[in-house]
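Notes follow the structure.
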Amino acid sequence: PAVDELLERYINALGGVTALKAVTNRVIKGTLDIVGESRGEPFEMYEQAPNKVLHVFQENPSGTRKVGFNGRVGWAFEKPTGLKMLKGADLKQLQIDAEFYGPLELKKTFAKITLAGTSKIGYRDVYVIDLQHATGTMVRMYLDAQTYLLARTNTMRIWGTASSPAEIYYDDWREVDGTKQPFSVTYSFGKLTVSTNITEIRHNVALDPTIFDPPNAGSRDRR
């Protein structure tokens with residue numbers, strides 16, 4: 001199939017345009033395993049359309065680590081380094097991650113999308129799609145040839161207070177409010193492997209809009 005047809009099948013596999021657009025925010029909760037370092041640490045993620053996101057990680061012994069974008073500024077906070085305002089490539093990556101309707105906006109987000117061929121991930125046949133930013137940076141998507149859901153993405157991700165190359169594996173897809181969501185996501189940052197085990201996904205919940213702002217913005221750090 002042509003790349004446009006594959007992207008259409010991907011959107012339909014996620015639930016279709018109508019179901020995806022019916023969701024305006026998402027709360028994800030679960031636990032985080034960092035191989036060789038920690039196990040079962042709680043994490044939360046808050047997403048609000050069109051472009052707000054907050055990640056909250058509880059890590060021992062360092063405590064809470066947060067990464068957020070409020071539609072205007074991106075930031076990262078962890079002890080002992082404190083608050084860091086994100087700029088350049090780190091900010092750009094977080095802006096892309098914050099696009100709530102990202103799968104529906106691929107042709108707007110990327111300057112060039114091409115079908116690179118087929119491959120295998122474990123036992124699964126996959127289609128390989130390359131997405132190139134106007135800046136030249138590349139994202140590679142691997143779509144399961146049977147389900148048309150994401151099996152893996154090669155991209156950049158914020159970890160700590162900076163972005164780095166990552167392989168992201170998606171599994172245990174389940175239906176939530178007419179949309180498909182992965183309940184198992186594993187990040188591979190070189191020698192570091194981070195596995196998330198998602199226990200709860202809720203849509204269209206009441207969210208305090210200030211949670212996406214930097215923690216030093218008055219008394220807004222309530223998470």
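The C-alpha atoms of the stretch 161-217 occupy a region whose extents along the principal axes are 36, 36, 15 Å, arranged from largest to smallest.
When only alpha carbons are used to place a centre, the stretch 23-77 and the stretch 119-148 end up 25 Å from one another. Surface listing: ILE129, ILE201 arranged by accessible area from highest to lowest gives ILE201, ILE129, probe 1.4 Å.
In this structure the amide hydrogen of GLY71, modeled in the peptide plane, comes within under 5 Å of the amide hydrogens of VAL53, none closer than 5 places in sequence on its chain.
Rounded to a whole number of µm²/s, how large is the Stokes-Einstein D of the stretch 6-135 at 10 °C and 1.306 mPa s, given Rh as the Kirkwood radius over C-alpha pairs? Numbers along the way, then the final one.
Details: Rh = 17.1 Å.
The diffusion coefficient I find is 93 µm²/s.
Listed values for the stretch 105-111 are Karplus-derived 3J(HN,Hα) couplings in whole Hz (6.51 cos²θ - 1.76 cosθ + 1.60, θ = phi - 60°), namely 10, 4, 6, 7, 6, 10, 6, and x replaces Gly and Pro. Listed by chain and number, the aspartates and glutamates placed with their C-alpha closer than 13 angstrom to that of LYS112 are ASP4, ASP130; residues fewer than eight positions away on the same chain are left out. When the accessible area of the stretch 142-182 is split by element with a 1.4 Å probe, what percent falls to carbon and sulfur? That fraction is 45 percent. What angle do you read, to the nearest 10 degrees and between 0 and 90, between the alpha-carbon axis of helix 3-13 and the longest principal axis of the chain? Taking the Cα atoms of the chain, the angle to 3-13 is about 60 degrees. Label zone of TYR101 (point 7 Å out along Cα→Cβ, amide N under 17 Å): in the stretch 17-58 this covers 17-26, 47-53. Of the solvent-accessible surface of the stretch 1-46, computed with a 1.4 Å probe over protein heavy atoms with every protein chain present, carbon and sulfur atoms account for 51 percent. Computed from backbone phi with θ = phi - 60° and the Karplus coefficients 6.51, -1.76 and 1.60, the 3J(HN,Hα) list for the stretch 29-46 is 10, x, 10, 10, 10, 9, 4, x, 10, 8, 8, x, 6, x, 9, 9, 9, 10 Hz; x is used for glycine and proline.
The phi torsions of the stretch 131-143, fed into the Karplus equation with coefficients 6.51, -1.76 and 1.60 and a -60° offset, translate into couplings of 10, 10, 6, 4, 6, x, 5, 10, 10, 10, 9, 10, 9 Hz, rounded to whole numbers, with Gly and Pro shown as x.
The GNM of the chain, with springs linking C-alpha atoms under 10 angstrom apart, assigns the highest mean-square fluctuation among GLY40, GLY71, GLY122 to GLY122.
Two decimals, Cα atoms only, Kirkwood Rh: what is Rg/Rh over the chain? Walk me through the numbers on the way to the answer.
Values: Rg = 17.2 Å, Rh = 18.2 Å.
Over the Cα atoms of the chain, Rg/Rh equals 0.95.
Solvent-accessible area per residue for the chain at a 1.4 Å probe radius, Å²? Result: 50 Å² per residue.
Only protein heavy atoms count here; under a 1.4 Å probe, THR24 has an accessible surface of about 60 Å². Overall size of the stretch 101-143 from C-alpha positions, given as principal axis extents largest first: 33, 22, 12 Å. Annotation: amide H of LEU86 within the under-5 Å range of GLY74, TRP75, ALA76, sequence separation 5 or more or interchain, hydrogens built in the peptide plane.
Extension gain for the segment SER184 to THR24, taken as residue separation times 0.36 nm less the Cα-Cα distance, is 55.4 nm to one decimal. Taken along the Cα-to-beta-carbon direction at a fixed 7 Å, the label points for ASN12 and MET138 span 2.9 nm.
Taking the Cα atoms only, what angle lies between the long axis of helix 88-98 and the longest principal axis of the chain, rounded to 10 degrees? With both axes taken from Cα atoms, the answer is about 70 degrees.
The values are calculated or read from the model by the stated rules, or taken from the named source; none is laboratory data. If you're wondering where the values come from, they're calculated on a predicted model, not measured in any experiment. So basically every Cβ, Gly included, is an ideal-geometry build from the backbone, and we count neighbours across all protein chains shown. The area values use the complete protein model at the heavy-atom level, side chains included, leaving out ligands, DNA and RNA. Shrake-Rupley method; radii C 1.70, N 1.55, O 1.52, S 1.80 Å.
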